[in-house]
1. Please find, among B:Arg141, B:Arg66, the residue that is surrounded by fewer than 19 Cβ atoms within 10 Å (Cβ to Cβ), in contact with a helix residue (DSSP H, G or I) (Cβ under 8 Å, 6 or more places away or on another chain) and in a helix (DSSP H, G or I).
2. Please work out if A:Pro62 is more than 11 Å from the chain's Cα centre (by Cα), surrounded by fewer than 22 Cβ atoms within 10 Å (Cβ to Cβ) and within 27 Å of B:Leu220 (Cβ to Cβ).
3. Given the structure, is A:Met39 in a helix (DSSP H, G or I) and without any contact (Cβ under 8 Å) to a residue 24 or more places away in the chain?
4. Of everything in the range B:84-116, what is within 13 Å of another protein chain (Cβ to nearest Cβ) and acidic (Asp, Glu)? Give them in sequence order.
5. Answer yes or no: is there a residue in the range B:88-110 that is acidic (Asp, Glu) and either in contact with a strand residue (DSSP E or B) (Cβ under 6 Å, 6 or more places away or on another chain) or surrounded by 13 or more Cβ atoms within 10 Å (Cβ to Cβ) (or both).
6. Looking at (1) within 12 Å of chain B (Cβ to nearest Cβ); (2) part of a helix (DSSP H, G or I), can you tell me which one A:Thr61 breaks?
7. Kindly list the number of the only condition in (1) of a type outside the set (Lys, Arg); (2) more than 9 Å from chain B (Cβ to nearest Cβ); (3) touching a Gly at 6+ places or on another chain (Cβ under 6 Å) that fails for A:Gly14.
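The values are calculated or read from the model by the stated rules, or taken from the named source; none is laboratory data. Just so we're clear, the structure is a prediction, and the values are computed from it rather than from any experiment. Note: ideal-geometry Cβ built from the backbone for every residue, glycine included; neighbour counts use all protein chains shown.
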Amino acid sequence: VKVLLDHYDELLKGMWVTLKLTGVSALVALLLGTVLAVMRVSPVPTLRWAGTTYVAIFRNTPLTLMLVFCIFGLPQLGLNMSFFTRAAIACSVYTAAFFCEAIRSGINAVPIGQAEAARAIGLRFRQVLSVVVLPQAFRASIPPLISFLIALTKNTAIAEFFGVSEATAHFDTLANKYESALYWLFAGVALEYVVVVLAIAGTGRWLEKRWRVLT
Amino acid sequence: MSGSVLFDAPGPKGRRRILIGSLIGAVVLLGILAWAIWQLDRHHQFVYRPNWWVFTDPGIQRLLLRGYWATIKAAALAIVLSLLFGAVFASMRLSDRAWLRWVATVVVEFFRAVPLLLLMLFLFLGFADQLRPIGNLVNARPPDAYGAVVIGLTLYNGSVLAEVFRAGILALPRGQTEAGYALGLRKVQLMRLVLVPQAARLMLPAIVSQCVVALKDSALGFVVGYVELLRSGKFIYNQYSNIIPTAIVVAAMFIVTNMVLTGLASWLERHTRKVPKEAKKAGIPVGEQMGQAAAV
């Protein structure tokens, strides 16, 4: 316990990095995922095909591999960014594929009548999506988005191995330094994650209720 | 996507616009692709020797295949164990005894909230001696890392599957349970004869997408030092410093395997599912909704 108490500031700092990485990746992934979802339902075949390919590729690749690629591979292409940026790119690109699917399922969940009515009053595809369908689709896709967000939070732990010093990284270093404190350290770091995950899940449920589409 | 509700069936003008859009889209995409290729080429990623040439070497191919086999070995055992784990904990959560429900809820929620990597590291650092026999059982190298990967995957995926199973059972129409009890079935009989067979069919997609997750997550073995596909790739790119070609090859192996798995699942689904009328009417298969919530 002593190790845990002595190093709690480090552990908290680690959690902060975890949250930062999660936040940045989530934002980028949400944007990219929305664009991809729109591409996948658009009338233009090339774009549909591109979106489908993207999802097929990145949903089936392990994130660890993506991190290897971004963290060791990108510098070889002359792209010298900070570790954090490279880790964030890997996490965003990977998560965007899942967010895209979540939003697409949200689009599918919008009652057909909504889109039909929008078309009936003469809206174009872009207007149908941006004014009528997407606002509702986002609300409907909150539950899967939240569960992917939770997955992302946990996935950022993988970045630790590649040198981003977030929560799990501190567990790793401290556990190697103080072997006897292993169990307490695990309990402490695990608790941090449990708290964060519960907080995200709670916010998700709140948003879901607040933004529910009334029918 | 023919007959989408999001846009009208295009008339001649619309068709022309779509064609133009397609062309523009294609040009942009090809542009991005060309830029990527140009970048790769500028940094000598397409030089045949030794970047790509190494993959024609039988020794390297064997190394990759061994890694692939190690990945499959870890993922397969983990999937079998997590199905068991999931079944046990799902039935605990559906139990009539409150304390069983509580224990199962805490365990399942805990393992779902903790990063798999943290779990694996903990197992690897703390229980190496206990894990070694598991690895030795299947002749994996190093045995303790194998054990950590398999047990970590089992605890995590098992917990997710427990939720999938529970949701699957609860998604069945209430009448099924009531009818079962009305016939005088005991709870165990009701589960075995009525609920589980129906739920299993609904849950198939979710189970398969969890298999894909397990297969992908077995790549975490890379971190604890289990010599799986990605780790084998590391041997190659450390020696030939061809990280990008190696990453592409390894990714392709993962992607193909996962797509085969998914394809197999949809084939199985088409051939085994006797569509329950309600689910068909609702439009979206319940399993798909659950799969979306579960997978990553």
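1. Being surrounded by fewer than 19 Cβ atoms within 10 Å (Cβ to Cβ), in contact with a helix residue (DSSP H, G or I) (Cβ under 8 Å, 6 or more places away or on another chain) and in a helix (DSSP H, G or I) holds for just one of B:Arg141, B:Arg66, which is B:Arg66.
2. no
3. Criteria met by A:Met39.
4. B:Glu109 - this is the single residue of the range B:84-116 that is within 13 Å of another protein chain (Cβ to nearest Cβ) and acidic (Asp, Glu).
5. The answer is yes; a qualifying residue exists.
6. Answer for A:Thr61: the failing condition is (2).
7. (3)
Yes or no, residue by residue, for (1) loosely packed, with under 13 Cβ neighbours inside 10 Å; (2) modelled with pLDDT under 85:
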{"site": "A:Tyr193", "(1), (2)": "no, no"}
{"site": "A:Leu198", "(1), (2)": "no, no"}
{"site": "A:Gly202", "(1), (2)": "yes, no"}
{"site": "A:Arg212", "(1), (2)": "yes, yes"}
